[in-house]
Amino acid sequence: MEKLVASAVKKSGFSLIGLTSYAYEPHGMTVVGVIGESHVAVHTYPEAGHASVDVFTCVGDPLPLYQELKKRLKPSQTRVLDLLRGNPLSVLERNAVRNSSSAGFEVTYFAEKYLYRKQSPFQYIEIMENADFGRVLFLDNDLQIAESDAHIYNQAMVGPLADRLGAMKKVAILGGGDGGILYETLRRGARHAVLIDIDGDVVDASQKHLQAIHNNSFADPRAKVVIGDALKYMKKHRGFDAVISDLTMHPEHLTDMKRKSFLDSMFCSAAQAMRPDGVLSMQCCSLHDKPTRKVLGKILKKYFRDIEYSDVFIPSFCERWLFAVMRKKA
């Protein structure tokens, strides 16, 4: 291990000053290399099949040394934490996304590999492959949909709508740029479905990387995709049998409007875009998000009746999610 560390340090262009090591009983070892730029350490835990590798540098990029050690140690899986020392302290994980929950916990999703990463005009988009959930879409570190359970989410959105309406002639989908709800709506017999999403980069990335979720529904002749503001679109278009809202309930980073005013305007516009007795289906929030539930409870009653809530456990979300279906008031 000493030879491996020394060789990796030299190969990656750093200067080795000294090496020390210690073998533990009954197993495991630590090797520390002092380098001119700081130090590198390898700690092995054979009982767990694990090794922790620390590379600290004050000059130069530590990644080449990390890559050299990775090549020589041949791990079956890696997880990388990038710690930028100083004040303030910033922590970045290059192969993981941390998704904070409104319930007072956070979930870290590790990437087998990244398929797409881009800062759009509206948000930071990431699509990764995860060992358990397949391909996963994140927007600003917030998980949107995963291959493994997209069908659960999409059925929760479209199923109750289909039950209330029966035949769906004309449907508007607000958000939903991954195409999963569009697919489920068309699968259930909608004659015409228009998807309105403000971020064209999300739609483009999803079409390329999330085929198992949208099943090429974007190319269906019954589908229409509009890149634009859903509120503005609904103010100009009328006569929908149903509206499916997959928009965020936390629009703070997308608008200058206050949250309650934005949501009130959104649901008012949705109701106006629907035919009399039309049906709205929506995702609400985490079951634990009591403030959002309270806000929605007040606003929805202004424009809709026969409101029914249901909560569904979404495995990739690691929590239960709240959905609602309702009819437009006369």
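P(r) for region 93-146, please, calculated from all Cα pair distances in 10 Å bins and given in %.
All Cα pairs considered, the percentages come to 26, 57, 17, 0.
In the neighborhood of Arg72, defined by Cβ-to-Cβ distances under 15 Å, what is the net charge if each Lys or Arg adds +1 and each Asp or Glu adds -1?
Local charge sum for Arg72: +4.
Compute the distance from the alpha-carbon center of region 103-159 to that of region 165-231, in whole Å.
Using only Cα atoms, the two centres lie 17 Å from each other.
Region 2-78: percent of C-alpha pairs farther apart than 22 Å?
Values: 568 of 2926 pairs.
The share of Cα pairs beyond 22 Å in region 2-78 comes to 19 percent.
Where a Cα-Cα gap under 30 Å defines reach, which lysines qualify for Lys294, not counting those fewer than 8 residues away within the same chain?
Lys232, Lys235, Lys236, Lys258, Lys260, Lys302, Lys328, Lys329
Looking at region 70-215, how many pairs of lysines come closer than 21 Å at the Cα, when each pair is eight or more places apart or spans two chains? Walk me through the numbers before you get to the answer.
Numbers: Lys70/Lys113; Lys71/Lys113; Lys74/Lys113; Lys113/Lys208; Lys118/Lys208.
Value for region 70-215: 5.
For region 265-271, just list the computed ³J(HN,Hα) in residue order, Karplus coefficients 6.51, -1.76 and 1.60, θ = phi - 60°, integers in Hz, with x standing in for Gly and Pro.
Residue by residue, region 265-271 yields 5, 5, 6, 5, 5, 5, 5 Hz.
On a straight-distance basis, which aspartates and glutamates could pair with Lys3 in a cross-link, Cα separation under 20 angstrom, same-chain partners fewer than 8 positions away excluded?
List returned: Glu37, Asp54, Glu68.
Of all alpha-carbon pairs in region 149-328, indicate the percentage at a distance above 29 angstrom. Spell out each step's value before the answer.
Values: 2016 of 16110 pairs.
It works out to 13 percent of all Cα pairs.
Enumerate the amide H contacts of His237 below 5 Å, restricted to partners 5 or more residues apart or on another chain; note that Pro and chain-start residues carry no placed amide H.
It is none; the list stays empty.
Can you spot the aspartates and glutamates whose alpha carbon is less than 17 Å from Lys301's alpha carbon? Ignore those fewer than 8 places along the same chain.
Asp264, Asp277
I need to check one value: relative contact order of the chain, counting alpha carbon pairs closer than 8 Å and at least 6 residues apart, in percent.
10
If we sort 265-272, 25-32 on the protection proxy, mean other Cβ atoms within 10 Å, highest first, what's the order?
Highest-to-lowest ranking by the protection proxy: 265-272, 25-32.
Write down, largest first, the equivalent ellipsoid semi-axes of the chain in whole Å, where each equals the square root of 5 times an eigenvalue of the alpha-carbon gyration tensor.
Numbers: eigenvalues 487, 71, 64 Å².
Largest first, the chain gives 49, 19, 18 Å.
For helix 63-73, what angle does its Cα long axis make with the longest principal axis of the chain, in degrees from 0 to 90 and rounded to 10?
Roughly 80 degrees, rounded to the nearest 10.
At a temperature of 4 °C and a viscosity of 1.567 mPa s, determine how fast region 1-145 diffuses translationally according to Stokes-Einstein, using the Kirkwood radius over alpha-carbon pairs as Rh; express D in µm²/s, rounded to the nearest whole number. Spell out each step's value before the answer.
Numbers: Rh = 17.4 Å.
It comes out at roughly 75 µm²/s.
Using the beta-carbon distance between Lys10 and Asn216 and R0 = 45 Å, what value does 1/(1 + (r/R0)^6) give for FRET efficiency, to the nearest 0.05?
So the FRET efficiency works out to roughly 0.30.
With a 10 Å radius around each residue's Cβ, average the other Cβ atoms per peptide and rank 47-58, 151-162, 281-292, 71-82, highest first. Don't skip to the end; give the middle numbers.
Details: 47-58: 13.7, 151-162: 20.7, 281-292: 18.8, 71-82: 11.5.
Most protected by this proxy first, the peptides run 151-162, 281-292, 47-58, 71-82.
No value in this document is a laboratory result; all are computed from the given coordinates. Owing to the predicted nature of the structure, the values given are computational and were not obtained by experimental measurement. Heads up, the Cβs are rebuilt from the backbone with ideal geometry, glycines too, and the neighbour counts pull from every protein chain shown.
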